[in-house]
Amino acid sequence: QESISGLYAQQKNSVSISSGVSAEQITRSPDRSTSEVLKRVSGASIQDNKFIVVRGLSDRYNSSSLNNAVLPSTEPDRKAFSFDIIPSNLVDKIVINKTAAPNLPGDFAGGMVQVITKDVPDQSFLGFSTTWGYNSQSTNKDFISNERNSNDWLGFDDGTRSLPSNFPQTRQEYSPLSIQEKVSYTKTVGNLYPEKRYTAMPVQSYQLTWGDRSTFKNSASLGSIISLNYRNSQNINLVTRRDYENNFINTYYDYDDNEYRYSTTLGGLANFTYKKGGNKFSLKNLFNRTFEDAYTDREGFNTNVDGNIRFNNSDLTQRTVFNTQLEGDHQVGENDNKLNWNLSYSLTSRSQPDLRSIYYRQSFGTPDAAFEIVDRNSRRFYSDLDENSYSGQVNYTTNIKILGDKSSLKTGLMKMYRNRQFGARIFQYRHNPTGSKSYDDLIITQPKDVIFSDFNINENGGFYLEEFTQNTDKYDAQTDLNAGYIMLDNNIGKHLRASWGARVEHYFQNIDVTDLSGTGRTYDQTFFDVLPSLNLTYSLSDEANLRLSASRTVNRPELRELAPFAFYDFVTQTSTLGNPELKRGQI
């Protein structure tokens, strides 16, 4: 299966139209991750070095599976899987199905990406690899951010960025407090705004892989592959952002950004496979931890605020993906019938322990005026998301004859249940003026390193944190998918092959929120879809096939798209708001 010829044979004999990459091709390339490998597949491209686009259709129209188990989205705001978390040298093959078939999930229109990792190696081995990269715009240059913690290089915040354990747990507990009490709690959060200068290190990655193959007297074999990988990069991006009005006559805003992106990835894979005769059992596990801190240093002007601005934003995101699968493949009876099954559990978590922004403004027409803090736009944001996914499927294939021609009948069942919990808290700094213009002007024009220091956190002319978390900044959601299918694969004469059938999917989605009035709301939707498909293959010769495909599939909204939670991104100046009334689309 690792060879190029084996992959081409599979594509030639596949029911659906597909493209792919084999392990043999991967070993000849410098590609480090699966996302880099996917760039080499016909009709596929990669966005942000990790998200796939198939035949020009964005990630929401694509689905992914790992070792035959459907993967949940690794992103909270979109339907997308981050393929950079899977090391390329652990991949047996990658196949992208570009047309639908009854045995494939029904929620895609661009491509169904199937990643198969290695299970039983040809021989025992121990391998170590390292890669170093030089970026002329970043490496050995000054790298600016807020102060790093001792565990950042491992991909884990040490807890100093999070809200203190004694901090009030909800807005209902915090908002009624007196200003003096809020001042006291604000000091416990600490002043994390001072900038630190580091030297950007080269991009570096390390991977340690161990494989073992044991053969027993009864012709059984046990294969194990365990891999640990680590990667760190520090990149500087120079960004210009402009927005225009009046048919490009006037500039609405003009920003020059220096973006300092610190990224650490820590991952592991552990696969164990036992084979004997016509039976194979596998336990496959994947873990990935991604730590990304994007620090933005901005200068420019904005006509909406009628002034020049200086803005800094530190956006730290921690993502964890864990997937474990137990699967089996069996040959049943003398007719070469096949039975395979898969049980899978996935955990996806995402946290922003302290997204902090600080915003200064200088009025137009007063070039000598000092920049003054805009307290309502100087914020601290905290969020946590946890999603659990459980799935199971079974497929059975039997060979039959129809009108004397060899055919096969395949049927199967699938179930996938997901639940998600999300919560966020949002604070803004509030200036409490004394009424003395000279004193207040002195306070609000202090530089970002000291303006929120403990000395300036007080109720007499200083600052404190005011919480403006909304009821809608928290939600719980569930989905439940039950599916079944039946398909026939017929050879009609010497040249024509027809694969046809239908997939039935029953899908339930639910989101529980509290609206702005404090009333609990539950939004439920249930969809029942019959999804027929037909794939015709006409063999022009041993080297050429002519194909025709027709199908019906669906596209369902992601949970974030349903949640009425509003998030404003100061960097892109865009707001994201979900809509629980969204319907699924039919394709």
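Odds and ends about this structure:
- Largest first and in whole Å, the equivalent-ellipsoid semi-axes of the stretch 217-338 read 56, 19, 10, each the square root of five times a Cα gyration tensor eigenvalue.
- Between TRP153 and LEU347, the modelled labels are 2.7 nm apart [label points 7 Å from Cα along Cα→Cβ].
- Using R0 = 41 Å, the C-beta based FRET efficiency linking ASN482 and THR215 works out to 0.50.
- The stretch 334-361 residues near the modelled ASP449 label - backbone nitrogen below 20 Å, point 7 Å along Cα→Cβ: 356-361
- The stretch 38-187 - Rg over Rh from alpha carbon coordinates, Kirkwood radius: 1.13
- Those aspartates and glutamates that a straight Cα-Cα span of less than 15 Å connects to LYS275, excepting residues fewer than 8 apart in one chain: ASP119, ASP122, ASP212, GLU327, ASP329
- At q = 0.13, 0.22 Å⁻¹, base-10 log of I(q)/I(0) for the stretch 341-459 (Debye sum, equal scatterers on each alpha carbon): -0.74, -1.21
- Of the residues THR296, THR251, GLY333, the one whose Cα sits farthest towards the positive end of the charge dipole of the stretch 246-369 is GLY333 (charges of +1 on Lys and Arg Cβ, -1 on Asp and Glu Cβ, taken about the Cα centre).
- Separation of the stretch 331-349 and the stretch 542-587, taken as the distance between their Cα centroids, equals 29 angstrom.
- The residue list THR265, ASN103, ASN388 was ranked by how far each Cα lies along the charge dipole of the chain toward its positive end, using unit charges on Cβ atoms, and ASN103 comes out on top.
- Rounded FRET efficiency, nearest 0.05, which uses the C-beta distance separating ARG55 from GLN204 and R0 of 22 Å: 0.05
- Cα Rg, Dmax, the stretch 160-230, angstrom units: 26.5, 77
- Under the simplified labelling scheme, the ASN237-LYS196 pair shows an inter-label distance of 2.3 nm, with each label point 7 Å from Cα along Cα→Cβ.
- Here the stretch 346-487 is treated with +1 on each Lys and Arg Cβ and -1 on each Asp and Glu Cβ, and its dipole about the Cα centre works out to around 1020 debye.
- When the C-alpha to C-alpha distance is required to be over 18 Å, the pairs from LYS338/LYS401; LYS280/LYS415; LYS415/LYS583; LYS276/LYS401; LYS338/LYS415 that qualify are LYS280/LYS415; LYS415/LYS583; LYS276/LYS401; LYS338/LYS415.
- For the chain, with +1 on Lys and Arg beta carbons and -1 on Asp and Glu, the positive-most of ILE358, ILE451, SER344 along the dipole: SER344
- Ligands, DNA and RNA left out, the accessible area of the chain computed with a 1.4 Å probe is 52% carbon and sulfur.
- Longest to shortest principal axis, alpha-carbon extents of the stretch 467-506, angstrom: 73, 18, 7
- Extension gain, GLN180 back to LYS401 (0.36 nm per residue minus Cα-Cα distance, nm): 71.2 nm
- Straightening the chain between SER438 and ASN246 buys 65.1 nm, computed as 0.36 nm per residue apart minus the Cα-Cα spacing.
- Diffusion constant of the chain at 37 °C, which comes from Stokes-Einstein with the Kirkwood Cα-pair radius and 0.692 mPa s, µm²/s: 121 µm²/s
- Charge dipole magnitude, Cβ of K and R +1, D and E -1 - the stretch 438-540, Cα centre, debye nearest 20: 1220 debye
- Count of Lys pairs (Cα-Cα under 17 Å; at least 8 positions apart or interchain) in the stretch 35-121: 5
- Highest-first arrangement of 447-453, 429-435, where packing means the average Cβ count within 10 Å: 447-453, 429-435
- Computed from the Kirkwood radius of its Cα pairs, the Stokes-Einstein diffusion coefficient for the stretch 241-280 at 10 °C and 1.306 mPa s stands at 97 µm²/s.
- Shape metrics for the stretch 118-164, restricted to C-alpha atoms - Rg then Dmax, Å: 18.7, 52
- Here the chain is assigned +1 on the Cβ of each Lys and Arg and -1 on the Cβ of each Asp and Glu. Its dipole about the Cα centre then comes out at about 2160 debye.
- If you take the Cα centroid of the stretch 23-88 and the Cα centroid of the stretch 275-301, the two points sit 12 Å apart.
- Extension gain, ARG78 to LEU516, is 155.2 nm, computed as 0.36 nm per intervening residue step minus the present C-alpha separation.
- Note on LEU283 and ASP336: with the Förster distance fixed at 30 Å, the Cβ-Cβ geometry gives a FRET efficiency of about 0.70.
- With the convex hull constructed from alpha-carbon coordinates only, the stretch 540-587 shows a mean projected area of 6.7 nm² over all directions.
- The stretch 219-290 - Debye-derived log10 I(q)/I(0), Cα point model, q = 0.18, 0.23 Å⁻¹: -0.83, -0.98
- Taking a straight Cα-Cα cut-off under 23 Å and skipping sequence neighbours fewer than 8 places away in the same chain, the lysines within cross-link reach of LYS448 are LYS141, LYS182, LYS187, LYS196, LYS437.
- Largest-first principal axis extents of the Cα set of the stretch 378-531 (Å): 98, 36, 20
The values are calculated or read from the model by the stated rules, or taken from the named source; none is laboratory data. Nothing here was measured: the structure is a model prediction, and the numbers come from that model. We place every Cβ from the backbone using ideal geometry, glycine too, and count neighbours over all the protein chains shown. With ligands, DNA and RNA removed, areas are computed over all heavy atoms of the protein, side chains included. Shrake-Rupley method; radii C 1.70, N 1.55, O 1.52, S 1.80 Å.
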